[in-house]
Amino acid sequence: MRIGELSRRTGVSARSLRYYEEQGLLASSRSGAGQRHYSDSAVQRVSLIRQLFDAGMSSRVIATVLPCVDVPGDLGVAEETFTAMMRERDRIDADIAHLIETRDALDVLIRANSRHRAELSTASEPVAPSA
């Protein structure tokens, strides 16, 4: 199938499919006119690539994980894939911890701003003249 058909069947833009090829994640053959042609199995591969991107992996990491699909019976490849996925999970955990710290710091500022706004609103209320 040509790139437009793969794009239509997967919902992934032709530009992204070309990027996947540039990164070594997806392969195609070329016609005499230089048009890309993909096998039917490319649909499933693109779906897997999207899942890996959705899991937060970079194209570099995905390239280390895909050999597990290409060589499913190789224990060494499976171990390397497991290690890469665990590294990614650890990276995501660290990112989450950092985001929680950032949110907590923002909460402190929000509370301080709320107190300041409350002080300003009471200070700007008209004071009744004394008798």
task = Assign one of three labels to region 1-107, namely rounded, prolate or oblate, based on the Cα gyration tensor with a ≥ b ≥ c the square roots of its eigenvalues; rounded applies when a/c is under 1.5, prolate when it is not and a/b is larger than b/c, and oblate otherwise.
result = oblate
key: Value at 222 nm in deg cm²/dmol, rounded to 500, when DSSP H runs of n ≥ 4 in the chain each add -39,500 (n - 2.57)   = -23000 deg cm²/dmol
ask   = From the backbone phi of region 24-29, what are the Karplus-calculated ³J(HN,Hα) couplings (6.51 cos²θ - 1.76 cosθ + 1.60, θ = phi - 60°) in whole Hz, Gly and Pro given as x?
value = x, 8, 9, 10, 9, 9
note = Per the C-alpha gyration tensor (a ≥ b ≥ c, the square roots of its eigenvalues), region 55-131 is rounded if a/c is under 1.5, else prolate if a/b beats b/c, else oblate; here it's prolate
ask   = Among A84, S124, V69, whose Cα sits farthest toward the positive end of the charge dipole of the chain (+1 at Cβ of Lys/Arg, -1 at Cβ of Asp/Glu, about the Cα centre)?
value = V69
ask   = Accessible area per residue of the chain at 1.4 Å probe, in Å²?
value = 71 Å²
message = Out of the total accessible area of region 14-107 (probe 1.4 Å, heavy atoms of protein only), what percent is carbon and sulfur?
response = 55 percent
Solvent-accessible surface ranking, highest first, for T102, T81, T122 at 1.4 angstrom = T122, T102, T81
ask   = By the scheme Lys and Arg +1, Asp and Glu -1, what is the net charge of all other residues having a beta-carbon under 14 Å from that of R87?
value = -3
key: Check: the chain dipole with +1 on Lys, Arg Cβ and -1 on Asp, Glu Cβ, in debye   = 680 debye
request  = Rounded to the nearest 0.05, what FRET efficiency do R30 and R9 give with R0 = 22 Å and r taken as the Cβ-Cβ distance? Could you check?
outcome  = 0.65
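The values are calculated or read from the model by the stated rules, or taken from the named source; none is laboratory data. Note that this is a predicted model, so its numbers are computed, not measured. Counting neighbours? That spans all protein chains shown, and the Cβs are built from the backbone with ideal geometry, glycine included. Calculation scope for accessible area: heavy atoms of the full protein, side chains included, ligands and nucleic acids excluded. Shrake-Rupley method; radii C 1.70, N 1.55, O 1.52, S 1.80 Å.
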